[in-house]
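Data first, discussion second: the structure below is written as structure tokens.
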Amino acid sequence: MSEGESHILLPIALLNFFILITGRLVCGYSLETDKQLLLNLKSFLEDQNPIDRGFKYTQWNPTDLSPCKWPGISCNTTSNRVTGIDLSDNNLAGKLFDNFSSMTELTSLDLSKNTFSGSFPADLSRCQNLKFFNLSHNIIDGEFNWTGLNKLEVLDLTMNRIRRLTIPESCDNLVVANISSNNFTGEIGRVFDQCWNLKYLDLSCNELTGNLSLRFDKLNMFSASHNQFRGFLPSWIFTQNCSLLVLDLSENLLFGELPTSISSCKELVKLNLWGNNFSGSIPREIGSILSLKELSLGSNSFSSDIPETLSGLSKLVFLDLSKNNFGGEIQEIFGQLTQVRFLMLHGNSYIGGIVSSGIPNLVNLSRLDLSDNHFTGPLPVEISRMKGLEFLILAYNQFRGNIPSEYGDLLKLQALDLSSNRLTGLIPPSFGKLRSLLWLMLANNSLNSIQRKF
């Protein structure tokens, strides 16, 4: 063999050796290999679902030249590679496929609304280009380790049985993280502090404990409802740069006064603190959050000093101050809230003031709940002026006497609950005009439905 021939054959031999070792140039990464991997996925799913098979992957035809028109599959026309798999709501069960990472251009994977079970395969954390991952509404358990998914932007794991989450040190691309309705326990700490672009974080319906120590200078939506967080809310979590639109801390074990620094969240639209043990006065500074539409402070221990500043919240639609043990006469501030459409004051200890507070003048009110208080005397006929009412709930009080016939003029009523009072007399014939009525509760009174003639 000549010296020239050896110079040519040596690189070829090295190339063949590389092929044998790595397999990269034999298999390559192409649309054809993506297609073969999808057919492997199809066989895997068919083996696990021999009877009730989904309608998407069963239509994947191996004789097609390209998989890009297969149901649930999307491709990048520039790179000519598979970039998305959507098998959501497809009656799939069994374990997760363990070779998604071989589709190296995969950016979107949606397996939601199925009944996948078992644990996460390690392969998932090697899908390095994955940006969108939705595994919600399955029954996956164990730990989800996504330390290799540095490009992930949207993560949805809601409604599973996951107990632990390990996130990458660098999560700069993450924008949405929903891990609600799982079995997470322990303290959340400042796990997400390095996710600088995180805007939406939902931790609700888990068993998380400890103090809340997140800063709200980058999040737009934060929900930690239905957990076991406890302690005070430190004032520093509401920074001057607070960007929150929605804050839901309902159904926890938080106590103490609500920090006045909440007013730093100038763009807040929804604030839900229902079902904690907050005490002290409702901060008057809340009245400066002019974007506020929903305010839920029910089932706490706030004092009955309702700040007058709430009347300046021109966008406020929903107000819940139920179950705070407010007593005496209903405060006159409520009659000034002409913008409110839903007013919940049930479960307090009010004894009067329905008329004097001005509540019957709230003609825009759609729902009024004054149930489970200590009201006495006749039902206020003035309520009949509230022509926009759709839900009127006055149950579990001590109202006496007849039901005003004028209540039959509330033509938009869909639900009327006067049960568990001391009402007597006839059911007004004017109720026949209530054509929109779907729910009428009059139980536990002393009413007559038929007029007796002697």
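The values are calculated or read from the model by the stated rules, or taken from the named source; none is laboratory data. This structure is a prediction, so every number in the text was calculated from the model and none was measured. All Cβ positions, glycine included, derive from the backbone under ideal geometry; neighbour counts span all protein chains shown. Ligands, DNA and RNA are excluded from the accessible area calculation, which covers all protein heavy atoms including side chains. Shrake-Rupley method; radii C 1.70, N 1.55, O 1.52, S 1.80 Å.
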For the chain, find the longest principal axis of its Cα atoms and tell me its angle to the long axis of helix 31-48, 0 to 90°, nearest 10.
60
Please state the relative contact order of the stretch 219-301 as a whole percent: Cα pairs under 8 Å, 6+ residues apart?
29
Extended-chain gain in nm, criterion 0.36 nm per residue less alpha-carbon gap, K293 and T209:
27.3 nm
With only helices counted (DSSP H, runs n ≥ 4, each -39500 (n - 2.57)), the per-residue ellipticity at 222 nm for the chain, to the nearest 500, works out to -3000 deg cm²/dmol
Where in the stretch 214-256 does the label zone of S279 land, with the point 7 angstrom along Cα→C-beta and an amide N cut-off under 11 Å?
255-256
Kindly give the semi-axes, whole Å and largest first, of the ellipsoid equivalent to the chain, taking each as the square root of 5 times a Cα gyration tensor eigenvalue.
60, 28, 18
Greater than 18 Å separation of Cα atoms is the criterion. Which listed pairs, K35/K131; K387/K433; K266/K323; K35/K69; K387/K412, meet it?
K35/K131; K266/K323
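Using +1 on the beta carbon of Lys and Arg, -1 on that of Asp and Glu, and nothing else charged, what's the dipole of the chain about the Cα centre, debye to 20?
1400
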How large, in percent, is the carbon and sulfur part of the accessible surface of the stretch 129-276 at a probe radius of 1.4 Å?
47
If eta is 1.002 mPa s and T is 20 °C, what Stokes-Einstein diffusion coefficient results for the stretch 346-441, Kirkwood Rh from Cα pairs, in µm²/s?
162
Using the Karplus curve 6.51 cos²θ - 1.76 cosθ + 1.60 with θ = phi - 60°, what ³J(HN,Hα) values do you get for each residue of the stretch 350-364, in whole Hz, with x for Gly and Pro?
5, 10, x, x, 4, 7, 5, 6, x, 4, x, 8, 7, 6, 8
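For the stretch 156-235, what relative contact order do you get, as a whole percent, if you take Cα pairs closer than 8 Å and at least 6 residues apart?
Computed value for the stretch 156-235: 27 percent relative contact order.
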Using alpha-carbon coordinates, inclination of helix 3-22 to the longest axis of the chain, degrees
30
Computed FRET efficiency, Cβ-Cβ of A93 and L253, R0 25 Å: what is it to the nearest 0.05?
0.10
Considering only L245, N40, Q194, whose Cα is most displaced toward the positive end of the charge dipole of the chain, charges sitting on Cβ of Lys, Arg (+1) and Asp, Glu (-1)?
L245
So which GluC sites (Glu not before Pro) in the stretch 135-178 pass both tests, a DSSP loop state and at most 11 other Cβ atoms within 10 Å of the Cβ?
E169
Can you tell me the length gained on complete extension of the stretch D193 to D123, counting 0.36 nm per residue apart and subtracting the Cα distance?
22.6 nm
Rounded, prolate or oblate: pick one for the stretch 51-90, where a ≥ b ≥ c are the square roots of the eigenvalues of its C-alpha gyration tensor, a/c under 1.5 means rounded, and failing that, prolate if a/b is larger than b/c, else oblate.
oblate
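For the stretch 38-192, give the share of DSSP beta bridges that are antiparallel, in percent and rounded to the nearest 5; count only bridges with both residues there.
15
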In Å², rounded to a whole number, the accessible area per residue of the stretch 44-104 with probe 1.4 Å is 52
Under the Karplus relation with 6.51, -1.76 and 1.60 and θ = phi - 60°, whole-Hz ³J(HN,Hα) for the stretch 186-192, x at Gly and Pro, equal x, 8, 7, x, 10, 4, 9
Show me the chymotrypsin sites (Phe, Trp or Tyr not before Pro) within the stretch 116-207 that DSSP assigns to loop and that have at most 14 other Cβ atoms within 10 Å of their Cβ.
W196
Residue separation times 0.36 nm, minus the C-alpha to C-alpha distance between N402 and A415: what's the value?
2.8 nm
K293: which aspartates and glutamates have alpha carbons under 16 Å from its alpha carbon, excluding same-chain residues fewer than 8 sequence positions away?
D248, E267, E285, D320
Calculate one ³J(HN,Hα) per residue across the stretch 228-239 by plugging θ = phi - 60° into the Karplus curve 6.51 cos²θ - 1.76 cosθ + 1.60, and present them in order as whole Hz with x for glycine and proline.
10, 4, 9, x, 6, 8, x, 5, 6, 6, 9, 6
Over the stretch 304-399, what is the mean sequence separation of C-alpha contacts under 8 Å (at least six apart), divided by residue count, expressed as relative contact order in percent?
25
Would you please state which residues of the stretch 252-277 a label at T239 would reach in this model, taking the label point 7 Å out along Cα→Cβ and a backbone N cut-off of under 16 Å?
261-267
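Report the antiparallel proportion of the DSSP beta bridges in the chain as a percent, rounded to a multiple of 5.
Once the DSSP bridges in the chain are tallied, antiparallel ones form about 5 percent.
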Under the rule rounded for a/c under 1.5, else prolate if a/b exceeds b/c, else oblate, using alpha carbon gyration tensor axes a ≥ b ≥ c, the stretch 254-350 is classed as oblate
Once R0 is set to 45 Å, what does the formula 1/(1 + (r/R0)^6) return for the Cβ-Cβ distance between N325 and N76, expressed as a FRET efficiency to the nearest 0.05?
0.15
If you average the alpha carbon positions of the stretch 389-426 and of the stretch 288-348, how far apart do those two centres end up, in angstrom?
23
Which distance in Å, rounded to a whole number, links the C-alpha centroids of the stretch 75-111 and the stretch 352-372?
54
